[in-house]
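Read the structure below first, then the notes.
No lab work stands behind these numbers, since they all come straight from the coordinates. Because the structure is predicted, anything quoted here is derived from the model rather than measured. Note: ideal-geometry Cβ built from the backbone for every residue, glycine included; neighbour counts use all protein chains shown.
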Number of protein chains: 2
Amino acid sequence: MHSGEVLILILIIISTSSAISPDIHNHHHIYLPTNLEALQLDRSDSLFCDSWRLSVETNNAGEWRSVPPMCIDYVGNYMGASGQYSSDCAVVALDAAAASRALRVPADDGMDAWVFDIDETLLSNLPYYAAHGFGSDAFDDKSFDEWAELAECPAIPASLRLYQEVQRLGFELILLTGRYESQRNATIKNLLAVGYHGWDRLILRGPSDIGKTALVYKSEKRMQLEEQGYRIHGSCGDQWSDLFGYPMATRSFKMPNPMYYIA
Amino acid sequence: MHSGEVLILILIIISTSSAISPDIHNHHHIYLPTNLEALQLDRSDSLFCDSWRLSVETNNAGEWRSVPPMCIDYVGNYMGASGQYSSDCAVVALDAAAASRALRVPADDGMDAWVFDIDETLLSNLPYYAAHGFGSDAFDDKSFDEWAELAECPAIPASLRLYQEVQRLGFELILLTGRYESQRNATIKNLLAVGYHGWDRLILRGPSDIGKTALVYKSEKRMQLEEQGYRIHGSCGDQWSDLFGYPMATRSFKMPNPMYYIA
């Protein structure tokens with residue numbers, strides 16, 4: 001059975017069954033009914049996993065918890081051997097570089113800004129996630145924080161070139177991350193080690209930001225930046241919660257990330 | 001040369017060249033420098049075209065005019081033989097159906113609404129575009145209008161099921177299209193012929209809407225609907241200009257469309 005047929009079948013089940021799985025009602029962010037495996041979907045089916053990834057990247061999927069089991073190998077291949085993730089990041093950088101040029105020369109007052117997220121935007125945690133199921137394992141704060149403390153994240157090469165290009169054009173670089181103030185030293189050490197220099201501001205979660213969603217925290221920080229006079233021309237992040245909210249940048253750029261979701 | 005290397009090379013050129021193509025400065029929505037072909041990119045390279053399509057679907061590409069020449073065959077295969085477009089549409093419908101269920105039972109006042117775009121959302125113009133280069137030919141108003149007047153667009157099967165499911169749940173269905181009032185009869189004839197029935201409102205561009213961008217026109221119409229008391233829970237469209245603007249629906253669903261862009 002082709003995945004197209006499986007999907008149509010699922011849709012028919014969703015559309016017509018009165019005995020629908022409770023998961024569908026209570027957790028629409030759980031992407032598929034748990035009885036999907038009973039439909040004997042071919043686990044190697046990249047057609048479905050491509051569609052799933054698109055649903056994540058367009059924010060159609062809304063909140064989602066983990067990579068669907070049948071797509072774990074697909075995500076591993078996407079992030080690595082296929083070269084697709086690298087290509088996708090390179091094209092985001094092309095888009096953003098073109099936009100930064102179109103905005104012409106910034107004013108001389110030092111208030112023309114670009115905002116960059118850090119994890120999966122400037123720095124890559126792929127070595128960590130490759131060892132933890134590419135987003136299929138439940139997220140473990142403790143082991144991830146230990147990884148971040150090592151300050152060994154590689155740069156995403158296309159992002160480093162974009163960062164340098166935006167900097168060369170005269171924009172102020174503002175790094176806005178969900179990492180905590182306690183991680184400031186490790187984060188600075190990591191950024192410098194892989195080639196990021198000369199940012200204007202590095203904003204991390206302080207004590208008053210704990211417990212806020214990324215969407216709220218990052219929107220508040222952008223608002224404070226605008227109140228201080230910054231004009232936020234561009235924003236790059238791998239999560240929609242890096243980009244959406246009020247205020248938004250003039251142009252927002254969604255970096256790819258099919259491994260995890262942050263609200 | 002792999003496309004990854006080509007992209008890095010392009011990025012290096014963009015990043016360092018002072019003799020950059022004027023296209024980059026003046027038309028950042030023209031996706032690639034016109035001298036790309038001089039780089040002898042393999043036209044069959046699906047890695048780049050996959051990345052290009054993602055840039056379109058995430059709105060990273062911003063305004064764009066036509067499918068890049070090296071991706072015309074890719075887009076044709078995506079829309080047809082590969083089955084990927086059908087699969088992608090089916091997953092959008094799954095996402096939206098799950099969201100409509102999560103919103104539970106609408107109130108009894110008949111004001112809980114879902115908004116659907118028509119072209120490439122409920123109805124498919126694929127037969128037309130397949131005969132016109134899959135979005136690589138310049139858009140021709142006259143021949144497209146002749147096609148629309150035939151009222152022979154097929155339904156997108158997954159969208160028809162979604163429409164029926166949202167209807168079954170008790171939501172009001174509002175069709176909001178960039179088509180003109182002069183096309184009302186053909187549009188109704190086409191919708192009914194392929195199975196769409198029982199919509200609450202069919203909103204087309206009237207005389208006062210001519211010349212407005214889709215973003216402005218559709219936002220104004222959503223505002224008027226809210227002023228009339230409608231609660232817009234969901235919105236489905238193949239263009240970001242169907243979804244963005246103020247007010248937005250509670251949940252927005254981006255249908256795939258790598259063939260054309262509407263501002």
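What percent antiparallel are the DSSP beta bridges of the range B:78-206, to the nearest 5?
10
Kindly give the distances from B:Asp109 to its copy-mates, label point to label point, with each label point 7 Å from Cα along Cα→Cβ, as nm values to one decimal ordered shortest first.
Sorted ascending, the copy-to-copy spacings read 4.5 nm.
Residues of B:45-56, mean number of Cβ from any other protein chain within 10 Å of their own Cβ, rounded to a whole number?
The mean count of partner-chain Cβ atoms within 10 Å per residue comes to 5.
With a cut-off of at most 11 other beta carbons within 10 Å, and DSSP calling the residue loop, which trypsin sites (Lys or Arg not before Pro) in the range A:65-167 qualify? Please list them.
The qualifying sites are A:Arg104.
Evaluate peptide A:131-138: per residue, the Cβ atoms of other protein chains within 10 Å of its Cβ; return the mean as an integer.
For this peptide, the per-residue mean of nearby foreign Cβ atoms is 0.
Within 10 Å of each Cβ in peptide A:75-87, how many partner chain Cβ atoms are there on average? Round it to a whole number, please.
Neighbouring Cβ atoms belonging to other protein chains average 3 per residue here.
Step through the table entries A:Lys142/B:Lys254; A:Lys218/B:Lys254; A:Lys142/A:Lys189; B:Lys218/B:Lys254; B:Lys212/B:Lys254, compare each Cα-Cα distance with 27 Å, and write down the pairs that go over it.
A:Lys142/B:Lys254
Suppose you put the label 7 Å out from Cα in the Cβ direction; list, shortest first and in nm with one decimal, how far B:Met223 is from each other copy's label.
2.2
Rank A:Cys236, A:Phe139, A:Ala107 by how far each Cα sits towards the positive end of the charge dipole of the range A:84-254 (+1 on Lys, Arg Cβ; -1 on Asp, Glu Cβ) and give me just the farthest.
Checked the options; the winner is A:Ala107.
For B:Thr250, go 7 angstrom from Cα along the Cα-to-Cβ vector, then report the distances to that same point in the other copies in nm, smallest first.
Spelled out, the distances from B:Thr250's label point are 3.6 nm.
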